[in-house]
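Inspection log for the structure reproduced underneath, given as structure tokens.
Quick note: the coordinates plus some simple rules give every number you see, no bench work behind them. Given the structure is predicted, the values throughout are model-derived calculations rather than measurements. Note: ideal-geometry Cβ built from the backbone for every residue, glycine included; neighbour counts use all protein chains shown.
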């Protein structure tokens with residue numbers, strides 16, 4: 001039997017204990033647990049980021065706010081050619097399906113349904129629309145966004161007298177087409193037609209949380225300057241941005257409030273007089289609670305019912321008949 005050196009006093013050296021192996025199953029469980037924890041953390045971070053992220057500025061905001069793909073009509077069905085044209089226009093912009101699915105159908109053009117929405121104020125009575133001659137707006141042009149497309153979808157104004165599109169803004173009115181069959185902008189179209197009067201209602205696609213109001217106002221005034229240069233003899237009527245209802249899902253989603261709209265209207269009014277007249281439709285559509293009344297508002301709380309168009313045209317007639 002071999003002898004050991006003196007370092008161990010003739011005894012065998014202590015045996016080294018072998019490290020116990022961690023079972024493979026335990027390792028796999030640890031890895032899976034770590035992956036699950038990381039995934040949960042990522043999901044929580046993503047949800048928090050989405051909920052706190054402000055609305056985009058003007059250009060990215062345009063395509064998601066006013067998104068009326070199919071305005072419900074309280075008249076007889078409009079012609080298939082008009083329907084086809086409106087679908088073509090809608091396809092050129094990206095817009096919310098929430099808005100189009102929430103559009104409700106009115107039962108009558110002549111009657112005003114005061115019980116149509118919870119946003120109606122019990123102490124507020126809508127004004128009876130003023131009757132106007134059928135051909136009064138025959139030589140005029142209406143420039144606007146998806147709200148104004150309802151003018152021809154409801155068959156109040158011929159499509160040829162409307163330069164409007166989903167997502168249209170003052171910038172687009174100078175630089176982008178509004179109809180698939182026409183290659184120019186709204187300013188180009190106005191220059192060709194030289195209308196007697198031009199009614200403008202833009203801005204719903206440019207207001208919202210995080211937008212630069214001064215930049216929007218400057219853009220709007222530049223548009224009016226170009227329009228006045230193109231149509232020096234036309235009477236220009238600038239219509240205020242309309243309000244939103246108290247429970248508007250579309251406005252809430254886009255970061256729009258009546259306070260922001262009122263501020264933007266104040267800025268528009270400050271320069272509108274240099275190019276024409278200003279019509280404060282916003283104040284007239286608000287009920288006693290200070291919100292767009294459900295009598296005139298669509299289900300999304302931002303778009304117009306047929307009764308709102310009838311009221312608007314009656315008021316424009318009153319303002320331009322003298």
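Over segment 198-322, what is the mean sequence separation of C-alpha contacts under 8 Å (at least six apart), divided by residue count, expressed as relative contact order in percent?
29 percent.
Any idea how far apart residue 180 and residue 322 come out in nm if each label point goes 7 Å out from Cα toward Cβ?
Simple spin-label model gives 4.6 nm for this pair.
How many nm separate the modelled label positions at residue 24 and residue 40, each set 7 Å beyond the Cα in the direction of the Cβ?
In this crude label model, residue 24 to residue 40 measures out at 2.8 nm.
Under a crude label model (7 Å from the Cα following the beta-carbon direction), how far is residue 283 from residue 32 in nanometres?
For the pair residue 283/residue 32, the computed spacing is 6.9 nm.
So how do 181-188, 139-146 stack up, highest first, on mean other-Cβ count within 10 Å?
On the way: 181-188: 17.2, 139-146: 24.2.
Top to bottom by mean Cβ count within 10 Å: 139-146, 181-188.
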